[in-house]
Amino acid sequence: MVDCTDVGNVSELQFFGKMTASISHEIKNVMAIINESAGLLEDYSLMAEKGMPIDPERLKVVSNRVTMQIQRADRIAKNMNSLAHSVDEFHKSIDLRETLELAVGLSGRFADMRSVRLEFQPPSDVPTVITSPFHLLNLIWRVLDFAMDAPGVEKTLGLTYDADAESVKIRLSGLASLTNAPETVFPAAGEAALLRILGATIYQDIKGGEINLVLPKDVRQQITAES
Amino acid sequence: MRVLLVDDEQELVETLAERLGIRGIEARWATNGDAALELIDQEDFNLAVLDVKIPGINGINLRKMIKEKCPQMKFIFMTGHGSQDDFAAGSAETGVDYYLLKPVTIDELLHKMNELMKK
């Protein structure tokens, strides 16, 4: 039976809850815009029936708005689907770039609410990593959530990665307000549990305004070596 | 009636403002709290329709700040979340006159606006 008081389980449920709440909020917003756009088209048709001229450019604007929102909803649904499937297998070979793109996509609304811009700057190589995708997404979200409260005046955080034969390093930069947070704040018990699951380490470069997350390329080998 | 619409979804407030305009109601819009406060300093409004979650100053605090500048202004909150019970509790706590759930119909919004202005 799952222990609901276990730090790892609570962290996982909180992450899932936060993401699905944010996704449902975004879907509601998309629906609201489409709803108003449909209403506006109805207003135009009623005006036309009364003999008032309608500028075709206005119709194009509304039509484009609906198309954009459908595309936005498609992206939201894809992200939700990828998040849902991240629990299919405990250890899985993942494309790191896709996973980070997903993490940035899922964090977009949280960044917007804090007026912070997330800039993902992937290098040309695309390393594959064997890890637990759900726990990695959870950890990246937690790091981003902490980092979004410590940006510089430009309020832009950069996210990138590099890889060597054994590991990948995910680097978050632009954290000019980064300070030595107590361990009760960051990295706290929730992050520590995830770091253990992922065989990862985290270190903060306060002076450089960076947080670095180092992951093994194959977490299974690390577990074998440790046992 | 002059209305201020505040929501981080620009397409939503733009469209809503146009639809209100077609119905003879002058509406301006802002996508964050700071921009809303700037408009309040420049123009007079009777009523504000605020999203609860907006970047920077949240809707609840924005209402308090506007209320200090314009004590006569009425407020409607729009939100994507919650139940009617949540709203009842929220209204009591924040003093907001009405909560509306997104997506809102224009008739529902107009009805609430007119009701408020008669109070």
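Couple of notes before you dig in:
- The set of residues from region A:153-168 being in contact (Cβ under 8 Å) with a residue 40 or more places away in the chain and within 16 Å of residue A:121 (Cβ to Cβ) comprises A:156, A:157, A:159, A:160, A:161, A:163, A:168.
- Which listed residue, of A:24, A:37, is closer than 30 Å to residue A:105 by Cα, exposed (fewer than 15 other Cβ atoms within 10 Å of the Cβ) and within 8 Å of chain B (Cβ to nearest Cβ): A:24
- The residue of region B:30-71 that is nearest to the other protein chains (Cβ to nearest Cβ), among those that are under 11 Å from the mean Cα position of the chain (by Cα) and among the small types (Gly, Ala, Ser), is B:59.
- Subset of region A:47-71 (residues that are out of contact with any helix residue (DSSP H, G or I) (no Cβ under 6 Å at 6 or more places or on another chain), surrounded by 11 or more Cβ atoms within 10 Å (Cβ to Cβ) and within 11 Å of another protein chain (Cβ to nearest Cβ)): A:47, A:58, A:61, A:64, A:68
- Scanning region B:7-25 turns up at least one residue that is assigned to a helix (DSSP H, G or I), touching a Gly at 6+ places or on another chain (Cβ under 7 Å) and either at the interface with chain A (Cβ under 9 Å from one of its Cβ atoms) or hydroxyl-bearing (Ser, Thr, Tyr) (or both).
- Any hit, region A:208-226, residues being open to solvent by less than 30 Å² (accessible area, probe 1.4 Å), out of contact with any helix residue (DSSP H, G or I) (no Cβ under 6 Å at 6 or more places or on another chain) and either among the hydroxyl-bearing types (Ser, Thr, Tyr) or over 29 Å from residue A:85 (Cα atoms) (or both): yes
The values are calculated or read from the model by the stated rules, or taken from the named source; none is laboratory data. Everything quoted here is computed from the prediction, not taken from an experiment. A quick note on method: Cβ atoms are made from the backbone with ideal geometry, for glycine too, and the neighbour counts reach across all protein chains shown. To get the accessible areas, we keep the full protein, side chains included, count just its heavy atoms, and leave off ligands, DNA and RNA. Shrake-Rupley method; radii C 1.70, N 1.55, O 1.52, S 1.80 Å.
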